[in-house]
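Asks: The structure under discussion is supplied below as structure tokens; questions concerning it will follow.
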Amino acid sequence: MKMFPKLNKGTSLIRDIYKPSFKKPWLFLIIGGTVAIIILIKFPPYPSSVKTPIYKIYLTKADEFYQQGDLMKARDAYLDFIERFPSSPELNRAYYQLANTFKEMGLPERAIFFYEKINNQKLSYYCESRYQLAECYYQIGQIKKATQIAKKAIKNFPESKRIYNFYLILANSLLNDGKKDKAAAFYYKIIKNSADDSLLQKTYFKLADLCFKEKKYSEAIIYYSKLVNEYPGDELQQEALFYLIRCYLARDQIEQALSILSTFTGKYSSNTFFSRALLACGESLLNKKEYKRALEVFKEAEKYSPEDPYIRLETKKEVARVYLLQKNYPEAAKLYEEILRDYPYSKDEEKIYFNLGELYLKMGEYHKAADIFKMFVHSFPLSPLVFSAYFNLGESYIGEGYLFKAADTFDYILKNSSSKDDVKKALLKISDIYMRTGLWKKATIFLKKALYYVNEKTGFQIKVNLAKSYIAQRNFSSAEKITSEIFKNIPNDHSSIWQIIDLADMFYSLGKRELAFDIYQKAGKLKSLNKKDKRWLFVLFKMGNLQKSKGKINLTIKIYQQILGLSEKYSDPEVSKLREKVLLLLADIYYRSKKNYKRALSLYLKALEEYPESEDTAWCIYQIGNCYRKKGLLKLAEKYYKKLEDKFPDALWTKISGVIL
């Protein structure tokens, strides 16, 4: 006992308590209560229940919100958990679930922040978090970062069920970098080894899409068909159906495309992709000018998606396009008016306004066209079509008869457009207005400015108009000079030559007949002139008359004979009248100038045969009699003089022939 002094002391204290002198009630109570508490703690009468840690209650509640799809409450609950329990062993799981919540909310940047916080590779969900993180990076366009994560995951978790998902990210990244063959190799590997239907669908679609863009339509058809036939009910299948149709259309197999669509009618006909496929078929028919069938298909597309504003809008636009190609302008305008009324903020609004204005121009509804184009230039001042709209506004004013208002509009283009083509076109429009109004000096100014924007080969029309302006101003020397320049670079076409002949006509009408003759002669030598054009006969007639007036009889005869040779096959009344006139003129030349009565007689007889009811018939019969008389054939002369007397008793030539008789 000496070795345990404290124990001895305690024992003696207990003994002292039981002494009569130490028996105090309060002391007994204290000691007894303490002993009782110790006994109850050490040896409870029933087992104690395990209390749930408070952090688990918070996390469970957040999980419940997430599972119920209440993402806003789930987000708030996870954030509250992270703030309250920063040292919790479940902190990584809270980060993971919060990141998933943000991803499902369409906030990949926020999701990335919390996925990146997960730092324990031993966690069961760590690999999944890496996959979701890579997807988020890919989603926001940080493909390089997504690829790095995928490569690292493939190395660290080769047995993961997500391994082929990482391969898909890697393949998509390679495709994005233009490494199509390497990407395709990964797609084939996934298809060969993965059993995940969702992953296989994405892979087939990517592979099909790659083939489609590479115009390998036969291969694309195989993969799209696999999606359509083996994975029913999936959204990708509906999109695959659309692109499958596009493949057949690209191969010009419209009937096959329509046949496939008819097979899926009812199953997907309420889907947007089905109507889009019909629109694509209609467009192909339209390009083949099968307008009636195209209209039928477009109406089917609208029928299957009556509530889809996109389909309704696109259908109306395509139907309007059909009417435009059919030149059914009123119906096309009606549809454009409906589109602008029902879809005022469509992406093609400015283009539709522009098209509608052009339709009004074509229909001659110039006031409506002017209103549309005035609205256009006010509402779309930055549109690439704005100066085209100003040109059309000017044309609308011209149609309404407001020529100088149109000139002001073109002048605005002249001062504000930086396009050389616009400036040249505006100069020509203004000069044309001044030519039409007879303001030749002003027209000349603008035409000369326009010459700065063309070269020798392309300035033909401007030079022709400039020559016309000079002729109208009687500035013949300038007109002759520029006409000579025109002959150096005449376009090799029939219409251009006639513009030069028109210049010669202007010279001719203003007395410059020698100059006109030279131009006619030069034009006649050009190979591209079609001498069968009846207008050339009248040019030759002017040339013949000019030579006749100068006393050049042989040249006159040659030109008149040319006219007779060219006019034989015409049934045109104008040509017929000209031919009759030339026959008589040529006969008169042989009779009077050449004294060649035989040749004159044959021409008069031909004129009488071809034009027996002509107003010049009396003269023709009289001259036939004169020809016979000059030849000494008096009986035949008498015959025609008497014929003249019988048929035209009151004619002047009858009275003269009576004297001769």
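The values are calculated or read from the model by the stated rules, or taken from the named source; none is laboratory data. If you're wondering where the values come from, they're calculated on a predicted model, not measured in any experiment. Counting neighbours? That spans all protein chains shown, and the Cβs are built from the backbone with ideal geometry, glycine included. Remember, those area values only see protein heavy atoms, side chains included, never the ligands or the DNA or RNA. Shrake-Rupley method; radii C 1.70, N 1.55, O 1.52, S 1.80 Å.
Asks: Which links in Lys548/Lys598; Lys288/Lys316; Lys327/Lys569; Lys569/Lys631; Lys542/Lys643 stretch past 30 Å when you go from one Cα to the other?
Replies: Listed pairs above 30 Å: Lys327/Lys569; Lys569/Lys631; Lys542/Lys643.
Asks: How large is the translational diffusion coefficient of region 309-468 in µm² per second when you combine the Kirkwood radius over alpha carbon pairs with Stokes-Einstein at 20 °C and 1.002 mPa s?
Replies: 126 µm²/s
Asks: Which three extents, in angstrom, do the Cα atoms of region 381-438 have along their principal axes, listed largest first?
Replies: Computed over the Cα atoms, the extents are 34, 21, 13 Å.
Asks: Moving on to the next point. From zero up to wherever the largest Cα-Cα distance of region 114-188 sits, split into 5 Å bins and tell me the percent of pairs in each.
Replies: 3, 17, 28, 25, 16, 7, 4, 1
Asks: Now for a different question. How many percent of the accessible area of region 499-600 is carbon or sulfur, using a 1.4 Å probe?
Replies: Answer for region 499-600 is 50 percent, counting heavy atoms of protein chains only.
Asks: Note the full-extension length gain between Asp70 and Gln461 as 0.36 nm times their separation in residues minus their Cα-Cα distance, in nm to one decimal.
Replies: 133.4 nm
Asks: Sticking with this one: How large is the Rg to Rh ratio of region 238-337 when both quantities use alpha carbon positions and Rh follows Kirkwood?
Replies: My calculation of the ratio gives 0.97.
Asks: Taking every pair of Cα atoms in region 100-235, average 1/r, invert it to obtain the Kirkwood radius, and report Rg/Rh to two decimals.
Replies: My calculation of the ratio gives 0.99.
Asks: Sticking with this one: Out of region 322-388, which chymotrypsin sites (Phe, Trp or Tyr not before Pro) are coil in DSSP terms and have no more than 11 other C-beta atoms within 10 Å?
Replies: Sites meeting the loop and neighbour criteria: Tyr345.
Asks: Another question about this same structure. Given the -39500 (n - 2.57) contribution per DSSP H run of 4+ residues, what per-residue ellipticity at 222 nm results for the chain, rounded to the nearest 500 deg cm²/dmol?
Replies: After summing the helix terms and dividing by the residues of the chain, the value is -24000 deg cm²/dmol.
Asks: To continue, here is another question. For region 162-291, count all C-alpha to C-alpha pairs, find those more than 18 Å apart, and express that count as a whole percent of the total.
Replies: Of the Cα pairs, 55 percent sit more than 18 Å apart.
Asks: Sticking with this structure for a sec: Just the Kirkwood number for region 503-636, please: inverse of mean 1/r across all distinct Cα pairs, in Å, one decimal.
Replies: One over the average 1/r among Cα pairs gives 15.9 Å for region 503-636.
Asks: Per 0.36 nm of contour for each residue apart, how much would the distance between Leu385 and Leu661 grow if the chain were fully extended, relative to their Cα-Cα spacing?
Replies: Fully extending the segment from Leu385 to Leu661 adds 91.0 nm.
Asks: How many nm is it between the label spots at Ser509 and Glu613, if each spot is 7 Å from the Cα in line with the beta carbon?
Replies: 3.3 nm
Asks: Here's a follow-up. Taking the chain as the region of interest, what is the percent of Cα-Cα pairs per 20 angstrom bin, listed from the shortest bin to the one with the maximum distance?
Replies: Result, from short to long distances: 12, 21, 23, 18, 11, 7, 4, 2, 1, 1, 0 percent.
Asks: Right, something else. Mind checking the full-extension length gain between Lys635 and Lys56? Use 0.36 nm per residue of separation minus the Cα-Cα distance, one decimal, nm.
Replies: Net length gain for the segment: 194.1 nm.
Asks: A further question follows. Heavy-atom accessible area per residue, the chain, 1.4 Å probe: how many Å²?
Replies: So the chain comes to 57 Å² accessible per residue, rounded to a whole number.
Asks: Using only the alpha carbons of region 436-537, what is the convex hull's orientation-averaged projected area in square nanometres?
Replies: With the hull built on Cα positions only, its mean projection is 6.5 nm².
Asks: Given points 7 Å out from each Cα along the Cα-Cβ axis, report the Lys289 to Lys552 separation in nanometres with one decimal.
Replies: Rounded to a tenth, the inter-label distance reads 4.9 nm.
Asks: For region 507-565, what ratio Rg/Rh do Cα atoms give with a Kirkwood hydrodynamic radius?
Replies: 0.95
Asks: So if the hydrodynamic radius of region 290-381 is defined as the Kirkwood radius over C-alpha pairs, what does Stokes-Einstein give as its diffusion coefficient at 25 °C and 0.890 mPa s, in µm² per second?
Replies: 179 µm²/s
Asks: Could you grab the relative contact order for the chain? Cα pairs under 8 Å, six or more apart, rounded to a whole percent.
Replies: 3 percent
Asks: Same structure, new question: I need to check one value: relative contact order of region 280-383, counting alpha carbon pairs closer than 8 Å and at least 6 residues apart, in percent.
Replies: 17 percent
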